[in-house]
1. Being surrounded by fewer than 16 Cβ atoms within 10 Å (Cβ to Cβ) and touching a residue at least 12 places away in the same chain (Cβ under 8 Å) narrows it down to one of 50, 69, so name that one.
2. Could you tell me whether the range 161-184 includes any residue that is without any contact (Cβ under 8 Å) to a residue 60 or more places away in the chain, farther than 25 Å from residue 323 by Cβ and in contact with a strand residue (DSSP E or B) (Cβ under 7 Å, 6 or more places away or on another chain)?
3. Do the conditions hold for residue 231, that is, is it modelled with pLDDT under 95, in contact with a strand residue (DSSP E or B) (Cβ under 8 Å, 6 or more places away or on another chain) and more than 30 Å from residue 8 (Cβ to Cβ)?
4. Which count do you get for residues in the range 136-182 that are in a loop (DSSP other than H, G, I, E, B), touching a helix residue (DSSP H, G or I) at 6+ places or on another chain (Cβ under 6 Å) and under 17 Å from residue 49 (Cβ atoms)?
5. What's the number of the condition residue 263 fails, among (1) in contact with a strand residue (DSSP E or B) (Cβ under 9 Å, 6 or more places away or on another chain); (2) in a loop (DSSP other than H, G, I, E, B)?
6. Going by the conditions given, is residue 279 over 19 Å from the mean Cα position of the chain (by Cα), in a loop (DSSP other than H, G, I, E, B) and either on the phi > 0 side of the Ramachandran plot or in contact (Cβ under 8 Å) with a residue 24 or more places away in the chain (or both)?
7. When you check residue 137 against the structure, is it farther than 18 Å from residue 36 by Cβ, over 13 Å from the mean Cα position of the chain (by Cα) and either assigned by TED's automatic domain parsing to the domain that holds residue 261 or without any contact (Cβ under 8 Å) to a residue 12 or more places away in the chain (or both), yes or no?
8. If you go through the range 75-86 one residue at a time, do you hit one that is touching a residue at least 24 places away in the same chain (Cβ under 8 Å) and out of contact with any strand residue (DSSP E or B) (no Cβ under 7 Å at 6 or more places or on another chain)?
């Protein structure tokens, strides 16, 4: 649908109206000195400055999700349903990088064969994005074709301006939410180009080299990844904070009476991720595992879908205990300097 725009006094005023309309809201809150997405009941609980430690993907793709249960009977086995999706939820204050990450996950889990548990949760989420007017030092959205005011993945996008907040209605789901907000919004339009330009100018210059996808494919040899292997701890922190990483394992927990089948987050940095039942592991060392992460982000996915599987949030760089920068590692390997 073509974007429709409104104006509001502030993002906090929009959040207040959403809560007053009886909507369940998840927004950034402060927890132990860090920002995290959590359920809020009052607008004052939300912290709308800064970046959350982890991305917004967990609401649609939980760390642990019960797919189904089972009970041993006499005779036979009784199947029990999986967990119910949460109540319809407004995911508020999502930065454009995180919203774009959800759009990528929608494509991954929505492709055939469609992932029913993910889609059931995702269908109940309305994304209210919040443009970045104060990017973090590690932000790199412009390097992957986005911007601090990008609309990808948002149903509504709020952009702070000098005169208030511009509200862009981007989807039918966003329009349905706007219908509930009454006088909190007033018809109007404004130009966000100046905000976009100022935010982009505040970011550290960063760009992906031309031909990176093909360069990485040509640099598949282990030697190009020796330095990365020497530094990478294989801790998986980068994957767990990433808005687009979606690897998972499926495990059973059971006892004499029955059990449950769970989907749990996994990561290509873990040694057990590709371990076969035979004992063979096609990615037997950390060089092969880090190479997989870099090539998935910047070669395999772009060659299939036309854009990187990275939204430039910079969380992996900021959170890595070894100080690794996937942009630098990928560019170095593709240039044949590994």
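The values are calculated or read from the model by the stated rules, or taken from the named source; none is laboratory data. The shown structure was predicted, so the numbers you read here are calculated from the model rather than taken from an experiment. Note: ideal-geometry Cβ built from the backbone for every residue, glycine included; neighbour counts use all protein chains shown.
1. Of the residues listed, the single one that is surrounded by fewer than 16 Cβ atoms within 10 Å (Cβ to Cβ) and touching a residue at least 12 places away in the same chain (Cβ under 8 Å) is 50.
2. Scanning the range 161-184, I find at least one residue that is without any contact (Cβ under 8 Å) to a residue 60 or more places away in the chain, farther than 25 Å from residue 323 by Cβ and in contact with a strand residue (DSSP E or B) (Cβ under 7 Å, 6 or more places away or on another chain), so the answer is yes.
3. Numbers: modelled with pLDDT under 95: yes; in contact with a strand residue (DSSP E or B) (Cβ under 8 Å, 6 or more places away or on another chain): no; more than 30 Å from residue 8 (Cβ to Cβ): yes.
In short, no.
4. So the first thing to find is which residues in the range 136-182 are in a loop (DSSP other than H, G, I, E, B), and the list is 136-140, 145-155, 162-163, 170-171, 179-181.
Checking the rest, the ones that are also touching a helix residue (DSSP H, G or I) at 6+ places or on another chain (Cβ under 6 Å) come to 138, 146-150, 152-155, 181.
So of that shortlist, the ones also under 17 Å from residue 49 (Cβ atoms) come out as 138, 148-149.
So the count comes out to 3.
5. (2)
6. The answer is yes for residue 279.
7. Details: farther than 18 Å from residue 36 by Cβ: yes; over 13 Å from the mean Cα position of the chain (by Cα): yes; either assigned by TED's automatic domain parsing to the domain that holds residue 261 or without any contact (Cβ under 8 Å) to a residue 12 or more places away in the chain (or both): no.
The answer is no for residue 137.
8. Checked against the condition, which is being touching a residue at least 24 places away in the same chain (Cβ under 8 Å) and out of contact with any strand residue (DSSP E or B) (no Cβ under 7 Å at 6 or more places or on another chain), the range 75-86 yields at least one hit.
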